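Student: Can you keep this structure in mind? I'll have questions shortly.
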Amino acid sequence: MIWNPKWIKTMSKRLFYVALAMVVLTGVAQTRYVPERSDYTFRTEVHMVCDENDEQDCIADSIFVHITDGAGRTEVRTVWAEPLDTINWQGFGNILEEDINFDGYPDLLVCNGPVNMFGNFTYTAFLWDQPSHCFLKGEVEGFDEINDPEIYPAEKRIVGIWRLDNDLDISTYEWRDGKLVLVNSEHLKYSDLAE
């Protein structure tokens, strides 16, 4: 068979255009994907700082949060961690999916760790934004100051409980004009509740 150079050139152009069209169509298909809240998965890694003389003496330094949508695109955010040793203290990087702003969509809460032996876990929170189909970039201001947050959807409130020995502080928060606001705070004795 004799190969015609003109035919080869024509076929090469056609193959090039077919390949180019496939690349464009693939790109269009990917840009049309709009993630839903349920598409997202999460993974965390706790970054530790260890004593150079004792590799077993490590404290939590920060937490890397991997947020992956249904198309496999991953965004990594960094949140702070309680500076405690990771052998005796637990919870760093645990994920909760709770609707903290009561809009019907679960938000993302990343555990910063416990404050003391009574727990007092704090969380960094990221709100889901349904119009843009993503988590808002900034953290919820002040949420990481709430200890052991409990979400009460019916009352549209978040209650934090902080305990140290016999002292107990209960703080109640509500959303006002898009911001989390402290609306009530009580100081109690734990022994009074136990009676």
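Student: Any residue in segment 127-156 that's polar (S, T, N, Q): show its pairings with residues that are surrounded by fewer than 17 Cβ atoms within 10 Å (Cβ to Cβ) at Cβ separation under 6 Å, as long as the two are six or more apart or on different chains.
Tutor: GLN130/TYR105
Student: Yes or no: segment 92-107 includes at least one residue that is hydroxyl-bearing (Ser, Thr, Tyr) and at pLDDT 95 or above.
Tutor: Yes; the residues of segment 92-107 include at least one that is hydroxyl-bearing (Ser, Thr, Tyr) and at pLDDT 95 or above.
Student: Would you pick out the residues in segment 140-176 that are part of a helix (DSSP H, G or I), open to solvent by less than 60 Å² (accessible area, probe 1.4 Å) and acidic (Asp, Glu)?
Tutor: ASP144
Student: Further question: Can you tell me how many residues within segment 163-189 are of a type in the set (Phe, Trp, Tyr) and either under 16 Å from ASN120 (Cα atoms) or in contact with a helix residue (DSSP H, G or I) (Cβ under 9 Å, 6 or more places away or on another chain) (or both)?
Tutor: Number of matching residues: 1.
Student: Let me ask something else. Might you check whether a residue that is over 28 Å from TYR33 (Cβ atoms), open to solvent by 70 Å² or more (accessible area, probe 1.4 Å) and modelled with pLDDT of 95 or more occurs anywhere in segment 118-128?
Tutor: Within segment 118-128, not a single residue is over 28 Å from TYR33 (Cβ atoms), open to solvent by 70 Å² or more (accessible area, probe 1.4 Å) and modelled with pLDDT of 95 or more.
Yes or no, residue by residue, for (1) open to solvent by 60 Å² or more (accessible area, probe 1.4 Å); (2) small (Gly, Ala, Ser):
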{"site": "ILE59", "(1), (2)": "yes, no"}
{"site": "ILE63", "(1), (2)": "no, no"}
{"site": "GLY72", "(1), (2)": "no, yes"}
{"site": "VAL76", "(1), (2)": "yes, no"}
{"site": "GLY91", "(1), (2)": "no, yes"}
{"site": "ASN94", "(1), (2)": "yes, no"}
{"site": "CYS111", "(1), (2)": "no, no"}
{"site": "GLN130", "(1), (2)": "no, no"}
{"site": "HIS133", "(1), (2)": "no, no"}
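The values are calculated or read from the model by the stated rules, or taken from the named source; none is laboratory data. Since this is a predicted model, take the numbers as computed values, not measurements. Cβ coordinates were reconstructed from backbone atoms using ideal geometry, including for glycine residues, and neighbour counts include every protein chain displayed. We work out accessible area using only protein heavy atoms, side chains counted, and drop any ligands, DNA or RNA first. Shrake-Rupley method; radii C 1.70, N 1.55, O 1.52, S 1.80 Å.
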